[in-house]
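Okay, structure first, notes after.
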Amino acid sequence: MTDRVPASGTVHWVGAGLSTGSGLAALCATAGRVLLWHRTADRAAGALAGLGLTGRAEPRALTPGALAASLEPGDVVVSMLPASLHTELLAVCVRAGAHFACSSYVSPEVTAQVPAAREAGVVVLAEAGLDPGIDHLFAHSLIGRARARIGEHTPAAYRLTSYCGGVPAVPNDFRYRFSWAPLGVLNALRSPARYLEDGTRTTADRPWEATRPLVLDGETFEAYPNRDSIPFLAQYGLPAAWTPRTFVRGTLRLDGWLKAWQPVFEELTAGDDERIAALARELAAAHPTTAADRDRVVLSVALEVDTGAGRDWTGAYLLDLTGDAEESAMARCVSRPLALGVRHILDGSLPAGLHRAAESAQRADRWLAELADEGLEFTLTLGQ
């Protein structure tokens, strides 16, 4: 087994989209050298100026082969590109002996490259943003607390829910604000959702049809399952003696979203790929995001454990953050945990191979404490 390639101290931040925020600034303060790669050097320079980072990071044009030619062993590449491009970028990193980090889910294509990355001494960090990312931190922290209270071998039933959403800070008639590509939002709704409800594995072919009200801190939201929750049963590592009754990871929307989006759902049900792509363009034009808009991110992760013998336990984390003129809430919540993960690559605390934002309660609590120290606010509520 090849030893981990020592970090060089140089970070390549690739892409400057909507999720690039103060995390990049944090890296500029801690890394030895930071380069921002964008479509052109001028656009990279403009993005740095907008973030107040002119002179603190170097603008670069992301032309074919340019990034690969500039990589040195131990550099860290942070991908803010679409997830479909991560496979190619990771391959470049493995060949160069450079570490890789992103906020996206681990795809089968990325997983297939992990053995080669480990052999090359390369760290692969994924699922280190908001959702996935902070939601993992919250879940592992709650599970660790419940395990300490209930016990590893005590039979129990549990209910774990994790809902996250980016919404407008000031509710509008559409009950939504696009914080990522409209086509991506629509295609996510077209993908079946798998989850566990009342002890039964359930599939919602049209996720919005499984929408339920969810009250958080006295406010009613609408929540529905998203993607495939089932693999996270194993990833979260709950005690084998505990039986899952409900396990769902999903999306949160403002109250009234289901009604406001009925015309969209009708199109999603009847339309083909070409029509959905056109609909995405129409929605982008009809509901543009302006510089005056303010977004809001709400993330709720809750765990209830019932032993049936008076040793019940409940806990919940809630993050509710509104963006401001300097930075959107989404950019803050994605970029800060990602930058924190990169700093752990730089300090050598992550060995070669695949890592997610957290894979243990101890590690999750450490990350949460560091994020709190950096001003990312959230609350923890504990029952018994």
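Taking the criterion of being of a type in the set (Ser, Thr, Tyr) and at pLDDT below 95, the residues of segment 297-334 that qualify are Thr307, Ser328.
Take Ala240 and tell me if it is out of contact with any Cys (no Cβ under 8 Å at 6 or more places or on another chain), in a strand (DSSP E or B) and among the small types (Gly, Ala, Ser). Considered against the rule, which asks whether it is out of contact with any Cys (no Cβ under 8 Å at 6 or more places or on another chain), in a strand (DSSP E or B) and among the small types (Gly, Ala, Ser), Ala240 comes out as no. Looking across Arg366, Arg356, one residue alone is under 17 Å from the mean Cα position of the chain (by Cα) and basic (Lys, Arg). It is Arg356. When Leu299, Leu318 are checked against the criterion of being touching a Ser or Thr at 6+ places or on another chain (Cβ under 7 Å), assigned to a strand (DSSP E or B) and either more than 17 Å from Val248 (Cβ to Cβ) or not assigned by TED's automatic domain parsing to the domain that holds Ser19 (or both), Leu318 stands alone in meeting it. Scanning segment 302-315 for residues that are touching a strand residue (DSSP E or B) at 6+ places or on another chain (Cβ under 8 Å) and either on the phi > 0 side of the Ramachandran plot or outside the structural domain of Phe247 (by TED's automatic domain parsing) (or both) yields a single hit, Gly308. The residues of segment 260-289 that are basic (Lys, Arg) and under 27 Å from the mean Cα position of the chain (by Cα) amount to a single one, Arg281.
Within segment 72-88, work out how many residues are surrounded by fewer than 20 Cβ atoms within 10 Å (Cβ to Cβ) and either modelled with pLDDT of 95 or more or aliphatic (A, V, I, L, M) (or both). Outline the logic, then answer.
Initially, segment 72-88 is screened for residues surrounded by fewer than 20 Cβ atoms within 10 Å (Cβ to Cβ), giving 72-73, 81-85, 87-88.
Still in the running and either modelled with pLDDT of 95 or more or aliphatic (A, V, I, L, M) (or both): 72-73, 81, 83, 85.
Residues in segment 72-88 being surrounded by fewer than 20 Cβ atoms within 10 Å (Cβ to Cβ) and either modelled with pLDDT of 95 or more or aliphatic (A, V, I, L, M) (or both): 5 in total.
Okay, residues lined up against (1) crowded, with 18+ Cβ neighbours inside 10 Å; (2) assigned to a loop (DSSP other than H, G, I, E, B); (3) free of Cβ contacts under 8 Å to residues at least 60 places away in the same chain:
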| residue | (1), (2), (3) |
| --- | --- |
| Ile143 | yes, no, no |
| Ala157 | no, no, no |
| Thr161 | yes, no, no |
| Gly165 | yes, no, no |
| Pro171 | no, yes, no |
| Phe174 | no, yes, no |
| Arg177 | yes, yes, no |
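Return yes when Glu219 is assigned by TED's automatic domain parsing to the domain that holds Glu282, over 19 Å from Gln262 (Cα atoms) and in contact (Cβ under 8 Å) with a residue 40 or more places away in the chain and no when it is not.
No.
When Ala241 is tested against (1) among the aliphatic types (A, V, I, L, M); (2) surrounded by 14 or more Cβ atoms within 10 Å (Cβ to Cβ); (3) in contact (Cβ under 8 Å) with a residue 24 or more places away in the chain, just one condition goes unmet, and that condition is (2).
Every condition in (1) touching a residue at least 60 places away in the same chain (Cβ under 8 Å); (2) assigned to a loop (DSSP other than H, G, I, E, B); (3) of a type outside the set (Asp, Glu); (4) farther than 30 Å from Asn172 by Cα holds for Thr289 except the one numbered (4).
The residues of segment 326-366 that are on the phi < 0 side of the Ramachandran plot, outside any helix (DSSP H, G or I) and either in contact with a strand residue (DSSP E or B) (Cβ under 9 Å, 6 or more places away or on another chain) or buried (at least 24 other Cβ atoms within 10 Å of the Cβ) (or both), listed by number, are Ser328, Leu350, Pro351, Ala352, Leu354, His355, Arg356, Ala357, Ala358. Which residue, of Arg253, Arg206, Arg194, is surrounded by 12 or more Cβ atoms within 10 Å (Cβ to Cβ), of a type in the set (D, E, K, R) and under 30 Å from Glu152 (Cα atoms)? None of the other options fit; the residue is Arg194.
The values are calculated or read from the model by the stated rules, or taken from the named source; none is laboratory data. Just so you know, these numbers come straight off a predicted model, no measurement behind them. Glycine also receives a Cβ, built like all others from the backbone with ideal geometry; neighbour counts cover every protein chain displayed.
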